[in-house]
Structures are given as structure tokens and as C-alpha cells.
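Visitor: Dropping a structure here in C-alpha cells format, bear with me for questions.
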Amino acid sequence: MIRRFYPVVITMACIAAVPAWSADQVSMSANGWTITANPEQGRLTIARDALGTLMRNVRLGLHGGPPFSAWAAAKKEGNQLSIKTDQPRTGWRFDLAPDALIVSSTSYDGVLTAEVPASSDRIVARTMDPQGVPVDWIGTQEVAEGYGGEVTHNRSYLPRQNADVLYFALGQVTASTLHSLFDRQTDTAINFTSRTILTRSTNDSGVLALTMPVPGNSMVRIVPEYFTKTLGVPYYAPFDDRVFSRAPMVWSSWTSYYDAVREEDIVKNADWLAANLKAYGFQFVQLDDGYDRDAKGQHYWIENWDRQKFPHGPQWLTSYIKSKGLRAGIWLVPNAYAGAVEQHPEWYLHYKKDGSIVRDYDTPAMDATNPKVLEQVKKIMTMLDDWGFDYYKFDGEHALPRYIPGVDHSKLHDPNIDPLVNYRARLKMIRETIGPNRFIEGCPAGTPLNGIGYFDSYFTGHDLYNNWQGMYPLFSSISANGFLNHIVVYVMPGEGLELGTPMTVEEARMKRPQIVVDTARTREDPMTGFGLNDAEARTVVSYVALTGVVYPLASVMPELPPERVQLLKQTMPTLPILPIDLFSRGTDMRWDTFKHTQADYYIHNYPEILDLKVNAAAGVYDVVGLTNWRSAPATRTLKFADKLGLEPGREYLAFDFWKQELLGIFKDSLQTEVGPHDTRVLLIHPLLSHPQLMGNSRHISGAYSISELSWESAANRLQGTSETVAGEQYTLFVHVPQGYKPLGARTSAGVASVREGSEMGMVMVAFQGKGGPVKWEIEFATQ
């Protein structure tokens, strides 16, 4: 009996191990995945916990052939779903691993296609490449040098492919060089293979068509908590841009005046900004320091306004700024306050070593674990808000007991509370006090970004100063921190661009407060003078405008010549641009970099190609900045497929925005000269068979101001709607291919002029703006 029974047991075991192949719908869930197979339709749906549907209408096939129309599916042990096809005979397996979906095939020619939901909350991305060159993403050395604290340090990596390119997006875009998605609501990266192609659907911009080769094996990897666990950002909260839909434009008094600023300086710059840039979207005028110090240099914020420098007081100042149609901002250090040391010594932080009071920006620092201190902070913020300030720059902004060594924790009002919990509770109180309509900029003094979720912007770099090398901290900030922008916070790249024309140190001594010259001398040796040349000015405004960061100004604005004012007008307002590159390119945080080197010999990781991908009413195209960081002319070759991820073999138009000329029609690549410290900004459009818009004079992006655009083939008419500025000429740059001839143009604003450019195939249509939308039509005849 035993001998006869034993084979039967083996047979039953073998039968149990054979998968139950089915032509009916099969669904299985494991490790956060849910995969549903419909063999009859030959389709699958793949979903992920917290993310919902990742891929739908998933089809399987072989390279060059149609997708399989029907197959059988079966669940297998080990969290596997198997599929087999008969014509041809292939086998497929889906392994549902914890953070990966592994797809295997019996054929090295296997291909998986699918529709991928990709709304504005699930964006195309290039994620960090841990096999790339390592770089350091660090904070400033303010806490380290001022208190002996630690420098905040996170390891990042430059990508192995296209490390010379920095990618951004305006609208829902894609490219053959991009193989990842980032889900903004859940802080999750979704990485497909490097051979995967994602193409935006022409019918639904919220859907990507995916083609993923499966040469035996492929994988979709999920990276949860990407910002916090991979990048090292301490907190993640998706940025709520309902109030501030794009980064602000701010003039700060700091870089051109420091604490020597006076009421008359604010007034004259506010007058100029209102007269020249308000129509272009400019918003904020910020007073940065110099208004409330006592003889010891201590701050009181609301109680010690300097009536000699600001004779009319703060309420008059904010009212004046608002009377100009602008909004008022102010700098302060809410961690510190000098007005209660004698009455309430228990409000303050003390060092354990000698019992002395901790100071933040020369001012006694308060103990935020004390409810009375929070009441005082609330009182300060309430009064500033009542005075009419709308923009707040918080300096020295971090959890002091956590990051300043030597603080006596036993003397804290509540020594048991976690300093970071206490810090975020304090920020919550401040935000609730002033409300969501006030903009708060945080400067963390080199500590981690623990205010994410409460701050609207972060300034994490060094101060700028007033020449070309003084703008390098801005480039460093964009290069290092651009991945944060509009994802968790706006990036403030520096407290004010210098756009003034060159002047010597001697001239600066006559035109600027002494502290401005003295501070610049602490930053570089030898001093190269002040101001920027035309090429340098173009590079600075191009980098701010094409990355979507805060637009910071700090020049003595009435001194700017017309050509510099025009640069500002053509790069404002800021746009709702999102980063594609979600990693840091590394940071240089030395205060005196240019005391030890010169720009030509300075090694950095700034990109040579800045690629803003656009999908807007103006079209689908790329705005490409080609920068020469050195002092000798350079020749650059731009390969469309390799660097921009454009369709190979296709012809493209290249329009030079700053020169406002058509460079020509190119296939595969173009070569151009870039002058010293200059940035050539090229709008690269796929060539169409009919007249097409290449750009406009209003904005560097080519997208801002264009709200409608269409080609009416039956009428041979290009038509659209543009937002214009009253009294300012608005020009459309149109490519006219062979076989077409412009007949004329008309607009809702009146007369439009049509003239041919010096380059073959370009037509310029110009008209006067009327301070609102203008409809226009350009008619063509066929030849």
C-alpha cells in the first residue's frame, strides 16, 4: 500500500504546482502592487498603493510587430503573474517585488507598451543617478563659523548622461532622454528603464504613451520618500501654489545699500519700479535691515525705528509703496529680540559654559519653548502685518537649541520638547498669525530646510555682490537647489541681481555707501570693479527667467540704462516652471571663493546647456540657453536628439531670442559661437510645412503672452491672441516656408506692420500693445 500510494502523492504535488492558466480576468496583489490581466482583450492594468493606476492598456508584443491580441494568464507562487502566448509562442512573467515590478520575457525582442497617467501632479523627471560622479549638496557655513556648529551635508550625484544639461519644464512635456516620473503628492519617484520612451499624447496632455523594451528582463522601480530619503530633504510637503502660482519678483535694498539704506532710497527705487516694471508683473519692494538697530547693533523690529533714516515711519512707508501699486516687504530675525532682556531674562537662550545670552544677528536670541516668547513673536508679526507688510524675509531662521552647540538646555522653559517639533510649531503659529496671503522667505543659516510646508521660498546660498563674480552664488544656488523650486518651496537664488553697467572701485566709492565697497573687498582679490557688461547681464536674467526661481533685484534701479531695463522687461514675469532634474548639482559655499581663484579657473558644475521644455498655447518646443562661463569665445555644438531628446532625423527651426533673428533650419544639430560670459537663447521648433510662430518680443520663453494660437489651413491664416503692455510695441516672429507669401495682418488693437527679416523665411508683425489681450491675424497666399 505504501509503494502504491507514494507515486500518487508525487503526482498530486506536481499537479498542484502547475499554474491554472485562464482566459478569464486574473488579478493579484502583493507588496503594494495590484496587477489585473484581461487575457481576452490582451491587456493589463498595473496599479500601486498610494499612487493609483501607473499603467493602463498595457500590451505585450515583439519589436516591430503588433501587440498580442489574446493570451492566457496564471498566478504563480512567489508573487508572480505568468502569461503565455501561442502566436508566436512566448512566455512572460511579472514579479511583484517590494519596490519594483520586474518584467521578464522568453524573447530578447519583447516590448511592453502602455498608457501612463501623467497629470501636472505626476511630472516627467530625471532622478538622481547613484552611479554618477559624487558631489556635495551643502548649506552655508553660517552656523559652523558663527557658533561652531555643523555644516549641513548631503551627497548627490551628477548624471552619467548629459551632465552638461539642466532640464526644466513649462507645461506637461516629455523627451526621449527622460525615463522617470515624480508624483508630487506622495513624494514618490517612478523609474523606468533607460531605453523606455515616454511620449505625450496629442489628444490628452495628461497621458504618456510608454514603450519599454523587454530584452529578457526589464524593471519599473518605485522610490518612495524620494525627497526625504534619497535627496536628504528633512521634510516633504507638496508646494501649495494656490496663492502664489509663480515665484515672486522682489527688489531688496540689501546688496546696494546694506544697513545704510534710508527712506529716500526705498522711495526712489519704488517710484522707478512702479513706473518701469509694474506693468510687466513686478510686485515687491523689500526693506532689508538698517531700520531699527540700537547703539549696540541690536534689533527690536517694532519698537526702535530709526526716525533719522526713516522719518515718516513704517506705516507711511508701506502705504507709499502700496500707493504705487506694489507690495511692501521687510527683513527680520524672529528668533531674536532685544526688547525684553532686563524685564524677562527667562525668555532668552543661554550658553551653558558661562551663562551668557546666545545672540542671533547681534541680537539676544529667544527661547521658543516658552509660551510667553511665542506671544511676543505673535505680537511682532501682528504689528508688522497691521503696518501693511506683505513679504517677510526671515534670517537666522532655524531651531537654535538644536544647531548651536553649547546652549544650556536645562534652562529652556521646556527642556524635554524636541527642538524641531518646537520649531515647526512656532512656524505654524506665525503662519496662522499672518495668514496664507503673506509671502515668507526663510534663510536657514546653513541648517537643514526644516521649515518646508510653512515657507514660500528658501534662500540657502551666499549673498550676492555687485559684479560678475558676485553673481556666481546665484548660479550656484540655481544649480544646487533648482530641484526644490515649485516642488516644495520657491528658490530665492540670491538677494538681488546687479544689472548696472561696469564702473571702477573708485567710481563705486562715490556712488555707493562705503559698506558696499568694503563688503565686496571681503569677497574677491583683486577687486574687478562693479557692474556687468551686456553679455553678463544677459546670462544673469536668462538663468532666472528660464528656471522659474524668484526674480531678485537689488540694483540702484534709476541708474539702469534703457538696454538693461529692456532685459528685465523681456524676462518678466516669472513663469510656473518646474524642474525636471530632481537632484542637486552640488554647492560651493565659500564666502571668499574669488580671493583664491578667478572665474576662468573656477571649477564648478554649472550646466553649459539649460533646456526649458515648453508645452503651451504657443506650441511644443525647447528654449535652450547655451552659456560660455569663460572669458574667451567658445564654439558650441548642440545635438538635438542626444542633448534635448528631440526626434532624430527631423528638421528644426532655431530662433535666437536675444538677437531676434532666425539662425536657420537644422537637422540633427547646430553649431554656434558664444561670446565670453554670454548666453545664447535659442527657441528650437519642429519645422512645420506652413507658416509658424517662432517667438515674440515680449518674453524670452516665447510662451508668455500667447494665450491662443492656431493655423487655419483653409484660409491660409495664422491667428492668435497675445497679452500686451499698453504703449509698448509687440512683435511676432514668424517663419514663412517656401510656397507662402504674407499678404498682410490685422489686430484688434489697430494697425499692424508686416516686414520681412534680413534672414530668408522670417517675417515680423508688429503692433502697439493696449494693456490687455490683442487678437491678431496674418494672412498668406500660396505660390
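The values are calculated or read from the model by the stated rules, or taken from the named source; none is laboratory data. If you're wondering where the values come from, they're calculated on a predicted model, not measured in any experiment. Please note: Cβ atoms are built from the backbone with ideal geometry, for glycine as well, and neighbour counts cover all protein chains shown. Accessible surface is based on the protein model in full, side chains and every heavy atom, while ligands, DNA and RNA are left aside. Shrake-Rupley method; radii C 1.70, N 1.55, O 1.52, S 1.80 Å.
Visitor: Consider a paramagnetic label point 7 Å from the Cα of ASP271 along Cα→Cβ; state which residues of the range 554-589 have an amide N under 14 Å from it.
Guide: 557-559
Visitor: Express the accessible area of the range 465-521 per residue in Å², computed with a 1.4 Å probe while the remaining protein chains stay in the model.
Guide: Working: 1430 Å² over 57 residues.
In whole numbers, the range 465-521 has 25 Å² accessible per residue.
Visitor: Here's something else I'd like to know. Which lysines have a Cα lying under 20 Å from the Cα of LYS595, excluding residues fewer than 8 positions away in the same chain?
Guide: none
Visitor: I'd like the trypsin sites (Lys or Arg not before Pro) in the range 187-237 restricted to DSSP loop residues with at most 16 other Cβ atoms within 10 Å, sorted by number.
Guide: Taking the range 187-237 and a limit of 16 other Cβ atoms within 10 Å, the loop trypsin sites (Lys or Arg not before Pro) found are ARG195.
Visitor: With θ set to phi - 60°, apply the Karplus curve 6.51 cos²θ - 1.76 cosθ + 1.60 along the range 700-709 and write out the HN-Hα couplings as whole Hz, x wherever there is a Gly or Pro.
Guide: Once rounded to whole Hz, the list reads 4, 6, x, 9, 5, 5, 8, 9, 9, 7.
Visitor: Quick one: check the C-alpha center-to-center distance for the range 544-614 versus the range 709-783, whole angstrom.
Guide: About 32 Å separates the Cα centre of the range 544-614 from the one of the range 709-783.
Visitor: Which order do peptides 755-761, 770-776 fall in by mean Cβ count within 10 Å, highest first?
Guide: 770-776, 755-761
Visitor: Over the range 599-700, give the accessible area per residue in Å² for a 1.4 Å probe, as an integer. List each step's numbers first, then the result.
Guide: Values: 3630 Å² over 102 residues.
Dividing the accessible area of the range 599-700 by its residue count gives 36 Å².
Visitor: Here's another thing I want to ask about it. In the range 547-611, which chymotrypsin sites (Phe, Trp or Tyr not before Pro) are in a loop and have at most 15 other Cβ atoms within 10 Å, using DSSP for the loop call?
Guide: TRP591
Visitor: Given only helices, namely DSSP H runs of n ≥ 4 each adding -39500 (n - 2.57), what is the per-residue ellipticity at 222 nm of the chain, to the nearest 500 deg cm²/dmol?
Guide: -5000 deg cm²/dmol
Visitor: Further, regarding this structure: Probe radius 1.4 Å, ligands and nucleic acids ignored: give me the carbon and sulfur share of the accessible area of the range 625-783 as a rounded percent.
Guide: 47
Visitor: Figure the gain on full extension for SER119 and ASN31 (residue separation times 0.36 nm, minus the Cα-Cα span) and round it to one decimal in nm.
Guide: 29.2 nm
Visitor: Could you tell me the center-to-center distance, by alpha carbons, between the range 179-247 and the range 501-526 in angstrom?
Guide: Each part's Cα centre sits 46 Å from the other's.
Visitor: GluC sites (Glu not before Pro), restricted to the range 676-747: which are DSSP loop and have at most 11 other Cβ atoms within 10 Å?
Guide: Within the range 676-747, no GluC sites (Glu not before Pro) qualify (loop, at most 11 other Cβ atoms within 10 Å).
Visitor: How do the peptides 395-405, 105-115 rank, highest first, by the average count of neighbouring beta carbon atoms within 10 Å per residue?
Guide: 395-405, 105-115
Visitor: Quick one: length gained pulling VAL421 to SER245 fully straight, 0.36 nm per residue minus the C-alpha distance? Walk me through the numbers before you get to the answer.
Guide: Details: separation 176, 0.36 × 176 = 63.36 nm, distance 2.86 nm.
Residue separation times 0.36 nm, minus the Cα-Cα distance, leaves 60.5 nm.
Visitor: I want to make sure I understand the PRE zone here: with the label point 7 angstrom from the Cα of THR522 toward its beta carbon, which residues in the range 256-296 have backbone N atoms less than 16 Å away?
Guide: Inside the label zone: 256-261, 289-290.
Visitor: For GLU708 and GLU563, calculate 0.36 nm times their separation in residues minus their Cα-Cα distance, and state this gained length in nm to one decimal. Could you put the intermediate results ahead of the total?
Guide: On the way: separation 145, 0.36 × 145 = 52.20 nm, distance 2.95 nm.
Extending this stretch completely gives an extra 49.3 nm.
Visitor: Moving to a separate point now. Quick check: at a probe of 1.4 Å, how many percent of the accessible area of the range 137-190 sits on carbon and sulfur atoms?
Guide: Carbon and sulfur together cover 43 percent of it.
Visitor: Using the alpha-carbon atoms, what tilt in degrees (0 to 90, nearest 10) does helix 534-545 show relative to the longest principal axis of the chain?
Guide: 60
Visitor: Still on this structure, I have one more. So, for the range 269-329, what is the accessible surface per residue at a probe of 1.4 Å, expressed in square angstrom?
Guide: For the range 269-329, the per-residue accessible area is 40 Å².
Visitor: Can you compute the modelled spin-label distance between TRP591 and MET429, with each label point 7 Å from Cα toward Cβ, in nm?
Guide: Going from the TRP591 label point to the MET429 one covers 3.2 nm.
Visitor: Cut-off under 22 Å on the C-alpha distance; same-chain residues fewer than 8 positions from LYS511 excluded. Which lysines are left, in chain and number order?
Guide: Cross-link targets: LYS268, LYS309.
Visitor: Still on this structure, I have one more. Of all the accessible heavy-atom surface of the range 504-615, with the other protein chains kept in place and a 1.4 Å probe, what percent is carbon and sulfur?
Guide: 50
Visitor: Let me ask something else. Computed FRET efficiency, Cβ-Cβ of ALA70 and HIS604, R0 45 Å: what is it to the nearest 0.05?
Guide: According to the calculation, E is roughly 0.20.
Visitor: Helix 472-481: angle to the longest alpha-carbon principal axis of the chain, degrees 0 to 90, nearest 10?
Guide: Once rounded, the angle reads 40 degrees.
Visitor: Could you run the Karplus curve 6.51 cos²θ - 1.76 cosθ + 1.60 with θ = phi - 60° over the range 406-423 and give me ³J(HN,Hα) per residue in whole Hz, x for Gly and Pro?
Guide: Once θ is set to phi - 60°, the couplings for the range 406-423 become x, 5, 7, 5, 5, 9, 5, 4, 10, x, 8, 6, 5, x, 6, 4, 5, 4 Hz.
Visitor: I'd like the Karplus ³J(HN,Hα) series for the range 223-230: coefficients 6.51, -1.76, 1.60, θ = phi - 60°, whole numbers in Hz, and an x wherever there's a Gly or Pro.
Guide: The phi angles translate into 10, x, 6, 5, 5, 7, 8, 8 Hz.
Visitor: Taking the simple approach of a point 7 Å from Cα along Cα-to-Cβ for both ARG160 and GLN783, what is their distance in nm?
Guide: Taking the two extended label points, one gets 5.1 nm.
Visitor: Just one of (i) 29.8, 113; (ii) 45.1, 134; (iii) 28.0, 102 is Rg and Dmax of the Cα atoms in Å as worked out from the coordinates here. Which one is it?
Guide: Here Rg and Dmax of the Cα atoms in Å agrees with entry (i).
Visitor: Just to verify a number: FRET efficiency for ILE665 and ALA20, C-beta to C-beta distance, R0 = 45 Å, to 0.05? List each step's numbers first, then the result.
Guide: Values: r = 60 Å, r/R0 = 1.32.
Here the calculated transfer efficiency is 0.15.
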